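**Student:** One structure is given below, represented as structure tokens, and several questions about it will come after.
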Amino acid sequence: MSSSDLTRVGHWVNNKAFPGTSGRAAAVTNPATGAVSREVALAHVADARTVIEAAAAAFPAWRDTSLAKRTAIVFRFRELLNERKDELAAIITSEHGKVLSDALGEVTRGQEVVEFACGIPHLLKGGFSGNASTEVDVFSTRQPLGVVGIIAPFNFPAMVPMWFFPIAIASGNTVVLKPSEKAPSAALWLAELWAEAGLPAGVFNVLQGDKAAVDELLSHRSVKGVSFVGSTPIAEYVYATGTAHGKRVQALGGAKNHAVILPDADLDLAADAMVNAGFGSAGERCMAISAVVAVGGVADELIAKISERAKKIRTGDGTRGCDMGPLVTAAHRDKVASYVDKAEQEGATLVLDGREVEADGGKDGFWLGPTIIDNVTTEMSCYRDEIFGPVLSVLRVESYEDALELINSNPYGNGTAIFTNDGGAARRFHNEVEVGMVGINVPIPVPMAYYSFGGWKNSLFGDTHAHGTEGVHFFTRGKVVTTRWQDPSHGGLNLGFPQTTA
Ligand code: NAD
């Protein structure tokens, strides 16, 4: 197929498709076939300005739209999404590769944030102090920032943007979403749904692109806040550049998530959990478990159980009812496989090798089967780096203290889990571990929408986590108003500092 035959995924501005003027584009592949299925427009600065300026123009009217009307539109969006989420899941699978049931799960977790945002009037309520001074009343209110940018990774093309935009929009901001160029279509589907739900033009916009689009979002004077999710080096860059331009930035980065298996754990339960958390979505989740920390001699039995289960996983096309899909691109598959090569060279033990998997899918699909590596040490590259693929590394340690030291020494701090039947050990762990999200006998502890999502250390740059009340605070600014409505007889000059004793 020549590039002129391909559908080009463009931008979305003022509730209409906008092809852009840059002439630049990138190929989008179907990971299960390896074929180029579409191409995506890559904005240049002029395209980015067109989209950002439309969002800026829409802001004053949207900010002043009543809470009742804003909430009604968010509620309508929720209803449409709930009715039609299968369509969105199919788009995700076609560009990311994850199996359909997993894509549907992603949409459902995003929908939870939409539901949370339907309660925004309650979340934006301020305080009021009547007669703080004689006939002086004081109240607090939270106001939207203005235009906010959302920059998303490839691995959750719907859920990650939905961590942010329902709250941003419900709070009265206007949004420019920059999706990953590897999975650009879900954003356009969501944009059309917003228009159908009655969202005014310019409130939700999509800007397709790469670094050029990101840099304009980070520097344009109308953009007041940026929520970024992606790898740690880019998160650091986004945080440093955005804050240097005076913007409020939350930048969620990469991860290396450990699961500690204590000797008293139910090893069948733990093995199920390790397989689900290590190989679900082919390991392309920021909350995937990639390091299994086997404590005090459980390793041999645990690895046997994990391996027995992992061998039953059917790797293949996500539309065919398989358990695990392909990796997102050929380059990423090769990079993940190279970590397996290096682990062997560095002296680790390969228990299960996914490089030769026979997949139920296209011969050119980006396949890599479940892989288990034992006797991994902290110096090996498969432990040091975030691999972001279906590779479980097993580290053997003697004690709980060794496991804790291992995790707290790691530069990442996104998610972690402990498997045990000892309540005291579990309590000690969640108190002592330096990680933002902790599971106790729960392998992927992604918080519900009304709590906040975010890691510590190199997994998040900024002060606020995503969604929950921290999300509401990120997308709003506090203001306190002091009022007096007196008759004119109370006039007169007084240069003293205001005091509340009057
Ligand atoms: P990525 O960092 O390559 O890309 C993320 C976004 O940044 C994309 O929109 C991309 O277009 C943009 N980008 C890429 N290079 C850029 C550059 N040089 N300058 C400016 N912008 C640039 O990440 P990815 O590969 O799409 O996603 C996987 C990563 O995201 C993993 O590291 C994963 O752990 C992380 N992630 C983290 C979380 C979290 O909550 N902490 C959630 C999902 C994914």
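The values are calculated or read from the model by the stated rules, or taken from the named source; none is laboratory data. Because the structure is a prediction, the values reported are computed rather than measured. Cβ: placed from backbone, ideal geometry, glycine included. Neighbour counts: every protein chain shown.
**Student:** For segment 54-110, how many residues are among the small types (G, A, S), in a helix (DSSP H, G or I) and under 20 Å from the mean Cα position of the chain (by Cα)?
**Tutor:** 7
**Student:** I'm trying to understand the selection: among the residues of segment 309-329, which are β-branched (V, I, T) and under 7 Å from G97 (Cα atoms)?
**Tutor:** Scanning segment 309-329 gives a single hit, V328.
**Student:** So, in segment 238-278, of the ones that are among the hydroxyl-bearing types (S, T, Y) and surrounded by fewer than 19 Cβ atoms within 10 Å (Cβ to Cβ), which residue ends up farthest from the ligand (Cβ to nearest atom)?
**Tutor:** Only one residue fits best here, namely T243.
**Student:** Also, quick follow-up: Would a scan of segment 414-422 turn up a residue that is in contact with a Gly (Cβ under 6 Å, 6 or more places away or on another chain), farther than 30 Å from S227 by Cβ and acidic (D, E)?
**Tutor:** Scanning segment 414-422, I find no residue that is in contact with a Gly (Cβ under 6 Å, 6 or more places away or on another chain), farther than 30 Å from S227 by Cβ and acidic (D, E), so the answer is no.
**Student:** Take the residues of segment 381-401 that are of a type in the set (A, V, I, L, M) and within 30 Å of the chain's Cα centre (by Cα): which is nearest to the ligand (Cβ to nearest atom)?
**Tutor:** Checked segment 381-401; the qualifying residue nearest to the ligand (Cβ to nearest atom) is I387.
**Student:** Which condition number in (1) part of a helix (DSSP H, G or I); (2) touching a strand residue (DSSP E or B) at 6+ places or on another chain (Cβ under 9 Å) is the one that E401 fails?
**Tutor:** (2)
**Student:** When segment 199-216 is examined, which residues are found to be within 9 Å of the ligand (Cβ to nearest atom) and out of contact with any helix residue (DSSP H, G or I) (no Cβ under 6 Å at 6 or more places or on another chain)?
**Tutor:** Residues satisfying the conditions are G209, D210, K211, A212, V214, D215.
**Student:** Out of F59, F18, report the one residue that is of a type in the set (F, W, Y), surrounded by 14 or more Cβ atoms within 10 Å (Cβ to Cβ) and farther than 20 Å from A170 by Cβ.
**Tutor:** From the options F59, F18, the qualifying one is F18.
**Student:** Could you list, in sequence order, the residues of segment 445-465 that are within 12 Å of the ligand (Cβ to nearest atom) and either within 14 Å of the chain's Cα centre (by Cα) or part of a loop (DSSP other than H, G, I, E, B) (or both)?
**Tutor:** V446, P447, S452, F453, G454, G455, N458, S459, L460, F461, G462, H465
**Student:** Also, I was wondering about something else. Name the residues in segment 447-502 that are out of contact with any strand residue (DSSP E or B) (no Cβ under 7 Å at 6 or more places or on another chain) and of a type in the set (A, V, I, L, M), would you?
**Tutor:** M448, A449, V472, L493, L495
**Student:** Let me ask something additional. Any chance you could count how many residues in segment 155-184 are aromatic (F, W, Y) and either within 20 Å of V28 (Cβ to Cβ) or surrounded by fewer than 24 Cβ atoms within 10 Å (Cβ to Cβ) (or both)?
**Tutor:** Summing the residues that are aromatic (F, W, Y) and either within 20 Å of V28 (Cβ to Cβ) or surrounded by fewer than 24 Cβ atoms within 10 Å (Cβ to Cβ) (or both) in segment 155-184 gives 1.
**Student:** Kindly list the number of the only condition in (1) in a helix (DSSP H, G or I); (2) more than 16 Å from the ligand (Cβ to nearest atom) that fails for G471.
**Tutor:** The number of the failed condition is (2).
**Student:** OK, next. Pick from A294, A288: which is small (G, A, S) and either out of contact with any strand residue (DSSP E or B) (no Cβ under 7 Å at 6 or more places or on another chain) or within 16 Å of the ligand (Cβ to nearest atom) (or both)?
**Tutor:** When all the criteria are applied, what remains is A288.
**Student:** List every residue pair whose Cβ atoms lie under 9 Å apart, where the two residues are 6 or more positions apart in sequence or sit on different chains, the first residue falls within segment 147-172 and is closer than 16 Å to T232 by Cα and outside the structural domain of T71 (by TED's automatic domain parsing), and the second residue, located anywhere, is of a type in the set (S, T, Y) and in a loop (DSSP other than H, G, I, E, B).
**Tutor:** Qualifying pairs under 9 Å: none.
**Student:** Looking at P233 and the list (1) out of contact with any strand residue (DSSP E or B) (no Cβ under 9 Å at 6 or more places or on another chain); (2) away from the ligand (no atom under 12 Å from the Cβ), which single condition is not satisfied?
**Tutor:** (2)
**Student:** Now for a different question. Here is a list: I372, I313. Which entry is away from the ligand (no atom under 16 Å from the Cβ), outside the structural domain of K182 (by TED's automatic domain parsing), of a type in the set (V, I, T) and touching a Pro at 6+ places or on another chain (Cβ under 7 Å)?
**Tutor:** After ruling out the rest, the residue left standing is I313.
This table checks each residue for (1) touching a helix residue (DSSP H, G or I) at 6+ places or on another chain (Cβ under 7 Å); (2) charged (D, E, K, R); (3) at positive phi.
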| site | (1), (2), (3) |
| --- | --- |
| F279 | yes, no, no |
| M287 | no, no, no |
| K363 | no, yes, no |
| I372 | yes, no, no |
| N375 | no, no, yes |
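**Student:** Still on this structure, I have one more. Name, by its number, the condition in (1) surrounded by fewer than 16 Cβ atoms within 10 Å (Cβ to Cβ); (2) small (G, A, S); (3) under 21 Å from the mean Cα position of the chain (by Cα) that does not hold for G478.
**Tutor:** So G478 meets the others, but not (3).
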